[in-house]
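Novice: Have a look at the structure that comes next, please.
The values are calculated or read from the model by the stated rules, or taken from the named source; none is laboratory data. Because the structure is predicted, anything quoted here is derived from the model rather than measured. Methodologically, a virtual Cβ is constructed for each residue, glycine included, from the backbone with ideal geometry; neighbour enumeration extends over all protein chains shown.
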Amino acid sequence: MSEKIQKFVQKKFNTELASDLGLSGRQRINVIFKIDKNGNITGVRSRAPHPGLEKEAARVINLLPKMKPGRQRGKPVTVPYSLPIVFQVQD
């Protein structure tokens, strides 16, 4: 599943935003969210070198489709998920 999430983020994330914000070089954004018992994305938090990148990361994560919830002992459970987004800004 994590490969599919990464591909989704790569497709939807606006990497041009970083150069528009005047950033250069390698950018790293850490996004933490939860997939709840119903498969919905909740509690999205992000850390990035610029607030604009944090907003973009949160926007993309909130676009993720509903997922199958994690199961433990046959019951659906909330699963925390951490996703690093790393990209290079072209000068």
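Novice: Out of 36, 20, report the one residue that is of a type in the set (Asp, Glu) and either over 30 Å from residue 90 (Cβ atoms) or modelled with pLDDT of 95 or more (or both).
Specialist: Values: 20 fails: either over 30 Å from residue 90 (Cβ atoms) or modelled with pLDDT of 95 or more (or both).
Testing whether each residue is of a type in the set (Asp, Glu) and either over 30 Å from residue 90 (Cβ atoms) or modelled with pLDDT of 95 or more (or both) leaves just 36.
Novice: Hey, another quick one. If only one of 46, 2 is small (Gly, Ala, Ser) and surrounded by 12 or more Cβ atoms within 10 Å (Cβ to Cβ), which one is it? Step through it out loud before you land on a result.
Specialist: Numbers: 2 fails: surrounded by 12 or more Cβ atoms within 10 Å (Cβ to Cβ).
It is 46.
Novice: Kindly indicate whether residue 45 is among the basic types (Lys, Arg), touching a strand residue (DSSP E or B) at 6+ places or on another chain (Cβ under 8 Å) and over 19 Å from residue 25 (Cβ atoms).
Specialist: Numbers: among the basic types (Lys, Arg): yes; touching a strand residue (DSSP E or B) at 6+ places or on another chain (Cβ under 8 Å): yes; over 19 Å from residue 25 (Cβ atoms): yes.
Considered against the rule, which asks whether it is among the basic types (Lys, Arg), touching a strand residue (DSSP E or B) at 6+ places or on another chain (Cβ under 8 Å) and over 19 Å from residue 25 (Cβ atoms), residue 45 comes out as yes.
Novice: Restricting attention to the range 8-34, which residues are out of contact with any Leu (no Cβ under 9 Å at 6 or more places or on another chain) and hydrophobic (A, V, I, L, M, F, W, C)? Break it down into steps so the answer makes sense when it comes.
Specialist: Applying the first criterion (out of contact with any Leu (no Cβ under 9 Å at 6 or more places or on another chain)) to the range 8-34 yields 10-11, 13-16, 19-20, 22, 24-26, 28, 34.
If the condition is that a residue be out of contact with any Leu (no Cβ under 9 Å at 6 or more places or on another chain) and hydrophobic (A, V, I, L, M, F, W, C), then 13 is the only one that fits.
Novice: Sort out which residues of the range 1-36 are in a loop (DSSP other than H, G, I, E, B), within 16 Å of the chain's Cα centre (by Cα) and either under 18 Å from residue 50 (Cα atoms) or of a type in the set (Ser, Thr, Tyr) (or both), and write them in order of number. First the steps, then the outcome.
Specialist: Residues of the range 1-36 that are in a loop (DSSP other than H, G, I, E, B), as a first pass: 1, 13-15, 21-24, 36.
Those left that are additionally within 16 Å of the chain's Cα centre (by Cα): 1, 13-15, 36.
Result: 13, 14, 15.
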